[in-house]
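Only the coordinates and a few stated rules stand behind these numbers; no lab work does. Owing to the predicted nature of the structure, the values given are computational and were not obtained by experimental measurement. We place every Cβ from the backbone using ideal geometry, glycine too, and count neighbours over all the protein chains shown.
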Amino acid sequence: MRDIKELMRPSAAVLEPYDPKFTPVEINLSANENCYAPVDIHDKVMRELELTPMNRYPQPLAPRLRKHIAALYRATPEQVIVGNGGDELIFNLFLAFGGGGAKIVNCPPTFSIYRLYAELCECTVVDVPRDPKTFALDEPALLAQAADARMTIVTTPNNPTGTLTGLDFIEKLCAAAEGLVLVDEAYLEFADAPSAAKLLDRFPNLIVLRTFSKAFGLAGCRVGYVLASPAVIDALAAVRQPYSVNVLSQIAAETVLKQLPRVQELVAEIVEQRAFLSEELSKFDELTVWPSAANFLLVRVPHAHRVWETLRDEHSILVRDFSSTPGLEGCLRITVGRPEENVAVVEAFMDILALAEDWEDE
Ligand code: PMP
């Protein structure tokens, strides 16, 4: 029998299984989830779940949820498709539109899944790096590369840098690109900015990705959605696994959508806490804190990896270590938590930075 790796698709054989490195800690600020988990919303979801039969397959395109989402954006249901988290939709975009070396334009540092899934689907990824200091897009280079690309990806606010991209540039990009433009708005609820969805009627190549995992607090249920022209939605519908969004998740997403004002209240609290955390962390001379339009902050700190380890081991706080990612040397990403969690982060940094004065340079 041949070696299993030799039997694999070459683009898959080079991959390692995904490991989010979750460690049991008291304060988990590593995955940009919504840390609030309000009991009132949870109770409403649980009541609906109890009434949901589980012996039947789900409706593949989640028509009720789809209609509700469409109404939010003044779009038609034919412009909406749901998926098992945004991740599945990103994968399906490459499955439907990639392959055969198709050119995908990516703007690192950004969400690593794009490159991973694009390469798995045998696309060629061309990077247009962001400014190393501000993380702003290199707009002229991006417009030039997008012209002949199959798909160009812009994340706004960007993960992990928090950088926002204006709609005026998205418009230019859609006009300049002969292929598709994916605008990933997974964190847009935390930004004071309009969705690119309002450009959908003008640009049939525009794809907007959103998720219930962040502001809506349903990361565990795995529901995301795409808004795009009906032709793009049809392509995604053709390649998807029909039952990827289960009945329980569909109901959970519908129920939280009905609680929109309550969700917006929580988002406002998170935005306030982001200002608090950013202001407090900026007081440390050793830290660089970037402005963020999302529910996390990117910070640069000397001895970043050791700081990350000490936060985890001595303070039971887990953040995300990006210090070995190109362009993010010395950087940690901290999800904005509940007030007491953010205070704990600030106090932990106070302790650790005092210790770090004696650490040798790495
Ligand atoms: N886009 C970005 C930029 C993200 O950070 C994430 C989650 N980390 C996603 C999409 C996908 O989120 P989910 O699969 O939970 O919907």
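Expressed as a fraction of 2.2 N^0.38 Å, the C-alpha radius of gyration for the chain is 1.01. Scaled against 2.2 N^0.38 Å for its residue count N, the alpha carbon radius of gyration of segment 1-112 is 1.50.
Is any helix in the chain, taking whole DSSP H runs, at least 18 angstrom long along its axis by alpha carbon and on average at least -0.5 on the Kyte-Doolittle scale, and which ones? Within the chain the helices that satisfy the rule are 85-97, 260-282, 339-356. Only beta bridges with both residues in the chain are counted; by DSSP, about 50 percent of them are antiparallel. The local environment of HIS68, defined by Cβ-Cβ distances under 14 Å, has a net charge of +4 under the rule Lys, Arg +1 and Asp, Glu -1. Computed from label points 7 Å out along Cα-Cβ, the spacing between GLU178 and GLU139 is 2.5 nm.
Just checking the listed ones, ASP19, ASP138, ASP201: in the Gaussian network model of the chain with Cα springs under 10 Å, the one fluctuating most is ASP19. Toward the positive end of the charge dipole of the chain, with +1 on the Cβ of Lys and Arg and -1 on the Cβ of Asp and Glu, the farthest Cα among TRP308, LEU297, SER213 is that of SER213. Among PHE276, TYR225, ALA191, which residue has its Cα furthest toward the positive end of the charge dipole of segment 191-294, with +1 on Lys/Arg Cβ and -1 on Asp/Glu Cβ? So the residue furthest toward the plus end is TYR225.
The eigenvalues of the Cα gyration tensor, multiplied by 5 and square-rooted, give segment 258-332 an equivalent ellipsoid with semi-axes of 26, 14, 13 Å from largest to smallest. In Å, what Kirkwood hydrodynamic radius results for segment 53-259 from the alpha-carbon pair distances? About 17.1 Å for segment 53-259.
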